[in-house]
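Asker: My structure is below; once you've seen it, I'll send some questions.
Coordinate-derived values only; no laboratory data. Predicted model only: the values in this text are computed from it and were never measured. Neighbour counts are summed over all protein chains in view; Cβ atoms, including those assigned to glycine, are modelled from backbone coordinates with ideal geometry.
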Amino acid sequence: MNLLALIAPADAVTQIIANTGVVAKIILALLLLLSLFSWTIIFNKWSAFKLRRRQTRRFLRALYKAGRLSELHAATETFRPSPAVEVFEAGFDELERQLRPGAGRNLASVERALRAETGDQMALLESRMSWLATIASASPFIGLFGTVWGIMDAFFDLGTSGATTLRAVAPGVSEALITTAAGLFAAIPALIAYNQFVHQIRDLSTATDECALEFTSRAEEVVSGAEPDRAPDRATTVAR
């Protein structure tokens, strides 16, 4: 009985979609493509952020425990694709260049390299996020457009047929409302994912800032010739 109750509405929706007009079908197809595209972004971002957060936590712990920057540099491949690793590598390359014979030492150049790479990593993390925001905001309006068009069509048919009963207009209205439901179906997952990813990007941004600050502190000691044998252990604030 419960199975039949589930099958009946599904059959009704299928019948409604089959009976919709050309404009409604185009809108439903567009919303389907937007929904598939958003889910592709969601799955890719979810797996990428999960790996990056785990590797970033590991890398920051290793950074705080490393005695020398060169020791950690030799093991950075094991922490990719953490954005903090890329920031560390950018700073290390600039610092290494300054330590060559005859090269000048300038801590400001190291800081600029760290900031530039941090910006590049944040841009990479935010890639395609605008698509999720666009789908979340535009899909309900696309569906609403289909609803308005369908209702206009239903009332036009009602006027030309001369019928005045609810039964005459109900099929047209139900066909029109299906586009609104499709718009919400595409928008809600995109909106939820966008908000969750923004929070994770903020966490990773905080982690890369920690890495840049720690590296700047270490680089200052290296430039001044007073690099310690071992750095104190510190706790990371990367969200678990």
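Asker: For Thr134, Thr78, Thr179, what ranking results if the residue with the fewest other Cβ atoms within 10 Å of its Cβ goes first?
Answerer: Working: Thr134 14, Thr78 11, Thr179 28.
Final ranking by Cβ density, sparse to dense: Thr78, Thr134, Thr179.
Asker: With a 10 Å radius around each residue's Cβ, average the other Cβ atoms per peptide and rank 137-144, 192-199, highest first.
Answerer: Values: 137-144: 18.0, 192-199: 16.0.
Ranked from most to least packed, the peptides come out as 137-144, 192-199.
Asker: Moving on. Kindly put Leu99, Leu107 in sequence by how many other C-beta atoms sit within 10 Å of each C-beta, fewest to most.
Answerer: Values: Leu99 11, Leu107 16.
Final ranking by Cβ density, sparse to dense: Leu99, Leu107.
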